[in-house]
Amino acid sequence: MRVIVDDKIPYIRESLRQVTDEAVYLPGAAMTAADVRDADALIVRTRTRCDRTLLEGSRVKFIATATIGHDHIDAAYCREAGITWTNCPGCNAGSVAQYIRSALLLLSLERGLDLPHSTLGVVGVGHVGTRVCEVGRALGMRVLCCDPPRADRGEQGFMPLDEMAGLCDVISFHTPLVREGQHPTLHLADRDFFRSLPDRPIIIVNTARGEVVDNTALKEALEEGRIRDAVIDVWEHEPEIDRALLEQVYLGTPHIAGYSADGKANAARMALEALCRHFDIREQPFDITPPPLPTGTDPNNPLALYDPRNDSRALKEHPDKFEYLRGHYPLRREHF
């Protein structure tokens, strides 16, 4: 079995050797039709667009994306071509929750956000959004939730976005990117959304997909004082991001909210387990454990575990190195 793997997926090589000795590691954004033509399976990340251009004429029958998001997978073409695909739901939910927790603590320390007297609005309450709700409550915040698909299924406890926005101090987006259908999320936060916000400016956080928040409208809202601050990890047109917007946001990071070592290990394990299931290979006991933190890290200080100011500083100093910063991300653990 020949497997083509994104070479930036960590902790996977030794475990994949238990399954096949024919694994080829390539840069995800540079994979070509020639590269995958003789492959049986792909293990990718968001930088590999899996569509007709890449896959037509190949013998690929299975794709695992080691990510929660899957808008880079052309599901319609895969169905037409008889290619099974899977993502890794929830793999980095803990990592994103850690990112949000650290960002909220910093907003409290440096921007005067009074957490116990503030309201957090969570848009998209799946694996990640649920964990973010838990973070907000643990910090003493009032938490409101918006998830139209779940509300349509009759589930309780969800508010429409326009109603929720008027009650929040912080709004955090955790939706997939959906371009069509009953509940599209493309530019969910657009110019009209920002102009509808109440007089008291709020803080926008986006760790979902860049296109969920209209970056031009966000920049205008910051310039006009319609919002108080922004924490942005995902951007439109990555890696060619809006540098003027980067300078305006409080924290701007290179799409790494889910990049804890723990989240990456979860994703690698889930992708390998799915590969084994698809090809009817007896599942191996994949023991994927990331390296420990350096000794001396303060276990009582969450910002010692992860301080997003470091990632923001690196991107603001070198916005041209967006992909490099992602591909050479330092060790980050969610716990000791």
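Orientation-averaged projection of region 6-125 equals 9.9 nm² [convex hull of Cα atoms, one quarter of hull surface area]. Peptides 124-131, 17-24, 206-213, ordered by how many other C-beta atoms sit within 10 Å of their residues on average, highest first, read 206-213, 124-131, 17-24. ARG195 label point, 7 Å along Cα→Cβ, cut-off 19 Å on backbone N: hits in region 223-261? Residues 223-228 qualify, since their backbone N sits under 19 Å from the label point. Cβ distances below 4.7 Å define possible disulfide partners, and in the chain the cysteines left without one are CYS50, CYS78, CYS133, CYS145, CYS146, CYS168, CYS276. Rg and Dmax of region 93-252, both derived from C-alpha coordinates alone, stand at 14.4, 42 Å. Net charge in the neighbourhood of ILE9 (other residues with Cβ under 13 Å of its Cβ; Lys, Arg +1, Asp, Glu -1) is +4. Charged neighbours of PHE322, selected by a Cβ distance under 10 Å, balance to -2 (K, R count +1; D, E count -1). Size check on region 224-324: the Cα extents along the three principal axes, sorted descending, read 58, 38, 26 Å. Relative to one another, the C-alpha centroids of region 139-191 and region 24-74 are positioned 31 Å apart. Taken along the Cα-to-beta-carbon direction at a fixed 7 Å, the label points for GLU80 and GLN284 span 3.6 nm. Among THR175, LEU197, ALA103, whose Cα sits farthest toward the positive end of the charge dipole of region 93-252 (+1 at Cβ of Lys/Arg, -1 at Cβ of Asp/Glu, about the Cα centre)? With unit charges placed on the Cβ atoms, the residue in question is ALA103.
May I ask you to compute the full-extension gain from GLU240 to ASP38, defined as 0.36 nm times their residue separation minus their alpha-carbon distance, rounded to one decimal in nm?
Gain in length upon complete extension: 69.5 nm.
With a simple spin-label model that places each label point 7 Å from the Cα along the Cα-to-Cβ direction, the separation between ASN300 and GLU163 comes to 4.4 nm. Computed extension gain for LEU293 through GLU155, at 0.36 nm per residue and net of the alpha carbon distance, reaches 45.6 nm.
What is the order of ARG277, ARG45, fewest Cβ neighbours within 10 Å to most?
The fewest-first ordering by Cβ neighbours comes to ARG277, ARG45.
Summarising the strand pairing of the chain, around 0 percent of its internal DSSP beta bridges are antiparallel.
Once you reduce region 194-214 and region 273-336 to the center of their Cα atoms, the two points are 27 Å from each other. Only the Cβ atoms of Lys and Arg (+1) and of Asp and Glu (-1) were treated as charged; on that basis the dipole of the chain about its Cα centre amounts to roughly 580 debye.
State which helices in the chain qualify, where a helix is a whole DSSP H run, it must extend 30 Å or more along its own axis by its Cα atoms, and its mean Kyte-Doolittle hydropathy must be at least 0.5.
Values: long enough: none.
Helix filter hits for the chain: none.
With volume of the Cα convex hull per residue in Å³ in mind, check (i) 143; (ii) 126; (iii) 161 and report the label derived from this structure. Evaluating volume of the Cα convex hull per residue in Å³ on these atoms matches (i).
Values quoted throughout were computed directly from the atomic coordinates according to the rules given, and no laboratory measurement underlies them. Nothing here was measured: the structure is a model prediction, and the numbers come from that model. When we count neighbours, we look across all protein chains shown, and the Cβ atoms used for this are built from the backbone with ideal geometry, even at glycine.
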